[in-house]
Every structure is written in structure tokens, then in C-alpha cells.
Amino acid sequence: MHTGVTEEGESGARQMTSSTTQQLDGYVSEVPIPRSDNPLAYWRNNHCRFPDLAKMARKYLSAPCTSTDGERLFSAAAHVLDEKRNRLHCDKAEKLLFIKKNLPLYLKK
């Protein structure tokens, strides 16, 4: 299984280590925490069991230090929801914004 996570090889390509693969397999096999629980607290409590995953969680679950991302999101929302698209349901608008924001990250792989 290759997901492009963790260490960089000499060629600069990212490869998943066997340790990270084992961590990911162990994490995926666990029962999910309730939605009401704090995910950062989960990773703080389980960082010894899943050190590579905890490192990524700290990076991706933390709040950005500036409001620039939020401002960009509002700007993108203005392009999705305008006078011509005023009947677009909020669920569809949310999905369009999610794709607009995350598709470039997926295509970099």
C-alpha cells in the first residue's frame, strides 16, 4: 500500500515506511472515538502508539496561525454562491468548496 506519507527517499519521492504502515493499520482497525471527543486529546494520549500519525495529526488538526486561509475560503465561497447560483443547496456548495480547496492537494501526489 502506498499513500505517499512520511520519509523522503534519496530521489525526493515520498515512501511509506513499514513502521508507519503498521501504525496506520493499527489506527484504522481501532473503534473511532465519539464525535464529541477532542481529536487533539486523542493524539496526545496515543502519540507513543502512533508517533508518525500523531506528528501528522498535530500538523493537520491545528488551527492556522493567520486568518488568510479563512479569507480565501470566503472569497472562494463568493465565487460559488452568487446571484446566478442563489438556489444552490448549502450541502452542494459545501462540497464544491471542499473540492476546490482539496483537489490541488490530491493532484500533487
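Here are some notes:
- Of the residues making up the range 44-71, those that are of a type outside the set (S, T, N, Q) and more than 23 Å from PHE98 (Cβ to Cβ) number 9.
- Within the range 19-36, the set of residues being part of a helix (DSSP H, G or I) and surrounded by 10 or more Cβ atoms within 10 Å (Cβ to Cβ) comprises SER19, THR20, THR21, GLN22, GLN23, LEU24, ASP25, GLY26, TYR27.
- Residues being at pLDDT 90 or above and among the small types (Gly, Ala, Ser) - total across the range 13-27: 1
- Within the range 58-100, the only residue that satisfies the criterion of being open to solvent by 100 Å² or more (accessible area, probe 1.4 Å) and in contact (Cβ under 8 Å) with a residue 24 or more places away in the chain is LYS100.
- Filter pass, ARG44 being open to solvent by 100 Å² or more (accessible area, probe 1.4 Å), assigned to a helix (DSSP H, G or I) and either touching a Phe, Trp or Tyr at 6+ places or on another chain (Cβ under 8 Å) or at pLDDT 90 or above (or both): yes
The values are calculated or read from the model by the stated rules, or taken from the named source; none is laboratory data. If you're wondering where the values come from, they're calculated on a predicted model, not measured in any experiment. No Cβ is skipped: glycine too gets one built from the backbone with ideal geometry, and neighbour counts run over all protein chains shown. Side chains included, ligands, DNA and RNA excluded: accessible areas come from the protein's heavy atoms. Shrake-Rupley method; radii C 1.70, N 1.55, O 1.52, S 1.80 Å.
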